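Below you'll find the structure, written out as structure tokens, and then a few comments.
The values are calculated or read from the model by the stated rules, or taken from the named source; none is laboratory data. The model shown is predicted, which means the values in this text are computed figures rather than measured ones. FYI the Cβ positions are ideal-geometry reconstructions off the backbone, even for glycines, and counts take in every protein chain you see. Calculation scope for accessible area: heavy atoms of the full protein, side chains included, ligands and nucleic acids excluded. Shrake-Rupley method; radii C 1.70, N 1.55, O 1.52, S 1.80 Å.
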Amino acid sequence: DELEQWRVRILGRRGELTGILRGLAQLDLEERRQVGALGNQAKAALEEGLEKRGRDISEARLAQVADLERIDVTLPGRPVATGRLHPTTQVLREITDAFVAMGFSIVEGPEVEWDHYNFEMLNIPQGHPARDMWNTLWVDYVNELRTHTSPMQARVMESVQPPVRVIVPGKCYRYEATDATHEWHFYQVEGLAVDEGITFADLKGTLYEFARRLFGTERKVRFRCDYFPFVEPGVDMSIDCFSCEGSSGWIEIMGAGMVHPRVLAGVGYDPEKYTGFAFGLGPERIAMLKYGIDDIRHFYSNDLRFLRQF
Ligand code: PHE
């Protein structure tokens, strides 16, 4: 605004310089030529100065705006007081961190799953008695709410060639009567490693290391033989819980085993060349052991008195 006022006062139609230049007409010819030349020089210099000053001002203003309104997208977000992470989420993060540190990648899969992946590709054909191990919620004749995260074993192997090292956290569902250690919906974390030369020692080493990371070196770990149609041999792994009520002193936290040659062949891997291990663990059970929670149903009851403790 000040610059514009200045322009009107000096260079405007009634401005001071304009007045002087107009007055030239009264001078005689020689004077008019000299003064006229000087006057035009002065006018050009002033106009140039005016323009430069205008440019400087708007550039300075842009720089100021850029500075004041700058957003540094690399800054971490500030925590907002909206509550806390659900204990299941906290434990899931601990579990996935432990396996990521050992070189596993995280993948996720669909919760509504084909019978084909949930059972058939896992060496559990129609009519196989092992289907009774999973009480299934059917969506229609070929789709179900997945009863475990194991269908992702086949989905992953169909899409990549070995070496494979993945974990699959996700929700599972079973048509189940609930009690203190059984819910009809719950999380699992599946694990799968396939390569040349993988042995049962790799399975035990990986799962011991996992237990050490989550429970420390003092807690005891037990492997027992168990049966799952998609592994051979199959085991389950338990953590000691001698104070746990109603338990035998051990709580089972996962099933595991060496990937069955039929599962490998089913996805087109050569079982003579590749071996691998798989496991499926229950994060809520792990949270129960870590924090001394006595009933799995607390996780889904949305009781703030429970949730606020974590
Ligand atoms: N999917 C099995 C279950 O839900 C657990 C499991 C996974 C067992 C991988 C062996 C290997 O019971």
Segment 64-152: which GluC sites (Glu not before Pro) are DSSP loop and have at most 14 other beta-carbon atoms within 10 angstrom? E69, E108, E111
The chain: angle of helix 200-215 to the longest principal axis, Cα-based, in degrees nearest 10: 60 degrees
Quick calc, Q64 & H86: beta-carbon distance into FRET formula, R0 35 Å, rounding 0.05, result 0.15
So if I take the alpha carbon set of segment 89-144, get Rg, then get Rh from the Kirkwood formula, what is the Rg over Rh ratio? 1.12
Calculated on alpha-carbon atoms, Rg and Dmax of segment 151-310 in Å: 16.9, 54
Hey, what's the chain come to in accessible area per residue, 1.4 Å probe, Å²? 60 Å²
Semi-axes of the chain's equivalent ellipsoid from the Cα gyration tensor, sqrt of 5 times each eigenvalue, largest first, rounded to whole Å? 78, 25, 19
Taking all pairs of different Cα atoms in segment 151-238, averaging 1/r and flipping that mean, what Kirkwood radius in angstroms comes out? 15.3 Å
Distance violations [Cα-Cα > 26 Å] among K171/K290; K171/K273; K204/K273: K171/K273
For the chain, which whole percent of the accessible surface, found with a 1.4 angstrom probe, sits on carbon and sulfur atoms? 52 percent
Counting Lys and Arg as +1 and Asp and Glu as -1, what is the net charge of the other residues whose Cβ lies under 14 Å from the Cβ of Q126? -3
Which aspartates and glutamates have a Cα less than 18 Å from the Cα of K220, not counting those fewer than 8 places away in the same chain? E209, D236, D240, E245, E252
Which lysines, if any, have their Cα less than 23 Å from the Cα of K43, not counting same-chain residues under 8 positions apart? K52
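Working out 0.36 nm times the residue gap between F310 and R262, then minus their Cα-Cα distance, what length gain in nm do you get to one decimal?
13.0 nm
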Once both label points are put 7 Å beyond Cα along the C-beta direction, the Q161-T217 separation in nm becomes 4.2 nm
Which value results for Rg/Rh of segment 15-172 when Rg is the Cα radius of gyration and Rh the Kirkwood radius based on the inverse mean 1/r? 1.65
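What's the magnitude of the charge dipole for the chain around its Cα centre, counting Lys and Arg as +1 and Asp and Glu as -1 at the beta-carbon? Answer in Debye, nearest 20. Intermediate values should be presented prior to the final figure.
Working: 36 positive and 47 negative charges, 243 e Å.
Dipole size: approximately 1160 debye.
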